[in-house]
Amino acid sequence: QVQLVESGGGLVQAGGSLRLSCVASGRSIGNYAMAWFRQAPGKEREFVSAIDYSGDLKYYTNSVKGRFAISRDNAKNTVYLQMDSLKPEDTAIYYCGVSTLREPAGYGDFGGWGQGTQVTVSS
């Protein structure tokens, strides 16, 4: 059973940057796709970005394309989300999830959620 711990969130002004980290323990994530989701107050959890097991294939929801970048370091069992040009609408709790597959196939493939990390963007 893998445990995921997200960190790196905080309070930032619009236009600022944050780098989120997701450290996995319990087993290696090197053979599995990973993803970031977020949940804003009063809204459902939504997909943000995903990366395949090798780091070669990356996917983003339209609203973050060109601003966010997902990456992974399998040697460190860690996935990152670099967030630039942040907007107030990016405010949410950010969660990482692990897939059972090497490549992302659907939002429902991801699980193992950690406690999340709060990102707040002020205008």
Residue-normalised value, i.e. accessible area per residue, for the chain at 1.4 Å probe, in Å², stands at 50 Å²
Share of the chain's accessible area from carbon and sulfur, percent, 1.4 Å? 47 percent
Output the direction-averaged projected area (hull surface divided by four) of the convex hull of the alpha-carbon atoms of the chain, in nm². 6.7 nm²
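The values are calculated or read from the model by the stated rules, or taken from the named source; none is laboratory data. The shown structure was predicted, so the numbers you read here are calculated from the model rather than taken from an experiment. Ligands, DNA and RNA are stripped out before the accessible areas are found, and what is left, the full protein with its side chains, is counted by its heavy atoms. Shrake-Rupley method; radii C 1.70, N 1.55, O 1.52, S 1.80 Å.
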